[in-house]
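Some notes on the structure that comes next.
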Ligand SMILES: Cc1cc2nc3c(=O)[nH]c(=O)nc-3n(C[C@H](O)[C@H](O)[C@H](O)COP(=O)(O)OP(=O)(O)OC[C@H]3O[C@@H](n4cnc5c(N)ncnc54)[C@H](O)[C@@H]3O)c2cc1C
């Protein structure tokens, strides 16, 4: 019997496989696709924090600012000294998987998991690869299999309550300002989320997310903002769960990354949070394997670990996201007036952090009590 089966070789699954294999555990990492990192379903915006965990040369561009476009085409420009990175997501995933393989994990491609069971003695996973069904047993199974996790569906009753639908294209379009991303707010471009354009030289990643309404109709309006209308080179998309599960651990199982909804609610970014959750999962799993305790009570320490680092941030950001999602365009225009002053922009530039935005929100609330008042009133 294996020590660990990790289902999914995205950033969260590969990083966890690497961490556990490095400690000498027997790790099987199953990935349904034949190639790591493909198909790409991501814009690839990350901060430098990600590279503290992962060695990767997948950077396509660096940016230091954002143009936030409000309803009525009014915009503010914000900027930071620290760079934000735009990565080639397929290369990035391959680099993380390379770390797992280098540490001794057994990574199997084209292995689609069909069912997952656990009992008091072991976890059992059935997968299909090369047309054959295979069953493997391990002391614990980890769901790192993304937004539609089969591990979660098989072993957990809860589902992320808020999910963003997305639609994104690679467009043959060169943004004049290669140092800033554009963010489009308002009901024309999204229901409850936002649109974006991210420069990577002569290709721009243009997309949007939307809550409870399909993303495509909004995309058709968003693409009209670009003139001449760009040629579309590739289309991608997919769901992003932006509310984490109350329980991400159970008997002989854990959920990491998107599988547990461990994603930043305000931006939909889940690479950093997925890797952080895997870092803590590796600690809980190694403690469990070493002490022979892989029951749900023992594994609750995983919740404590990851929430200790990012739980408070995700909780507050989730509340702000719900508030934001309910705003109409008139209110957003009011928000523009409140935060477009020089002082507010200075605050944004000095405190803005896409991984930890709650500090900035708090400072803006303090400076603009009317926003805080509406927030507390539930808009
Ligand atoms: C359009 C879009 C744009 C985004 N932009 C950003 C961004 O700019 N920055 C950012 O940080 N995040 C972004 N995200 C979110 C980010 O892509 C995810 O949060 C991140 O990929 C989560 O990593 P993960 O390892 O948990 O899951 P995933 O990357 O989804 O990996 C899960 C893996 O499991 C495999 N799998 C699934 N089911 C099975 C099965 N049954 N058997 C075997 N294997 C299986 C999948 O093939 C996949 O390889 C974006 C998402 C979307 C949709």
* So which of 138, 100 is assigned by TED's automatic domain parsing to the domain that holds residue 256, buried (at least 20 other Cβ atoms within 10 Å of the Cβ) and assigned to a helix (DSSP H, G or I)? -> 100
* Asked: Applying the selection to the range 64-90, what residues are out of contact with any helix residue (DSSP H, G or I) (no Cβ under 7 Å at 6 or more places or on another chain), surrounded by fewer than 19 Cβ atoms within 10 Å (Cβ to Cβ) and touching a residue at least 40 places away in the same chain (Cβ under 8 Å)?
  -> 64, 65, 67, 77, 90
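Any idea which of 198, 256, 181, 263 is near the ligand (Cβ under 9 Å from one of its atoms), closer than 20 Å to residue 70 by Cα and crowded, with 22+ Cβ neighbours inside 10 Å? Break it down into steps so the answer makes sense when it comes.
Details: 256 fails: closer than 20 Å to residue 70 by Cα; 181 fails: near the ligand (Cβ under 9 Å from one of its atoms); 263 fails: closer than 20 Å to residue 70 by Cα.
Among 198, 256, 181, 263, only 198 is near the ligand (Cβ under 9 Å from one of its atoms), closer than 20 Å to residue 70 by Cα and crowded, with 22+ Cβ neighbours inside 10 Å.
If we keep just the residues of the range 203-212 that are more than 15 Å from residue 182 (Cβ to Cβ) and at pLDDT 95 or above, which is surrounded by the most Cβ atoms within 10 Å (Cβ to Cβ)?
210
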* To do: With respect to residue 160, determine if the residue is in a loop (DSSP other than H, G, I, E, B), within 14 Å of the ligand (Cβ to nearest atom) and either in contact (Cβ under 8 Å) with a residue 60 or more places away in the chain or in contact with a strand residue (DSSP E or B) (Cβ under 9 Å, 6 or more places away or on another chain) (or both).
  => yes
* Qualifying residue in the range 48-71 (condition: within 11 Å of the ligand (Cβ to nearest atom), assigned to a loop (DSSP other than H, G, I, E, B) and modelled with pLDDT of 95 or more) -> no
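Matching residues to (1) under 22 Å from residue 88 (Cα atoms); (2) in contact (Cβ under 8 Å) with a residue 12 or more places away in the chain; (3) not in a loop (DSSP other than H, G, I, E, B):
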{"residue": "168", "(1), (2), (3)": "yes, yes, yes"}
{"residue": "177", "(1), (2), (3)": "yes, yes, no"}
{"residue": "198", "(1), (2), (3)": "yes, yes, yes"}
{"residue": "218", "(1), (2), (3)": "no, yes, yes"}
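So is residue 44 in contact with a strand residue (DSSP E or B) (Cβ under 7 Å, 6 or more places away or on another chain), near the ligand (Cβ under 9 Å from one of its atoms) and within 20 Å of residue 148 (Cβ to Cβ) or not? Full working, then the answer.
Values: in contact with a strand residue (DSSP E or B) (Cβ under 7 Å, 6 or more places away or on another chain): yes; near the ligand (Cβ under 9 Å from one of its atoms): yes; within 20 Å of residue 148 (Cβ to Cβ): no.
No, not satisfied.
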* What single numbered condition from (1) at pLDDT 95 or above; (2) farther than 21 Å from residue 13 by Cβ; (3) touching a strand residue (DSSP E or B) at 6+ places or on another chain (Cβ under 7 Å); (4) away from the ligand (no atom under 16 Å from the Cβ) fails to hold for residue 119? -> (3)
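The values are calculated or read from the model by the stated rules, or taken from the named source; none is laboratory data. This is a predicted model, so every value here is computed, not measured. With ideal geometry, Cβ positions are generated from the backbone for all residues, glycine too; neighbour counts draw on all protein chains shown.
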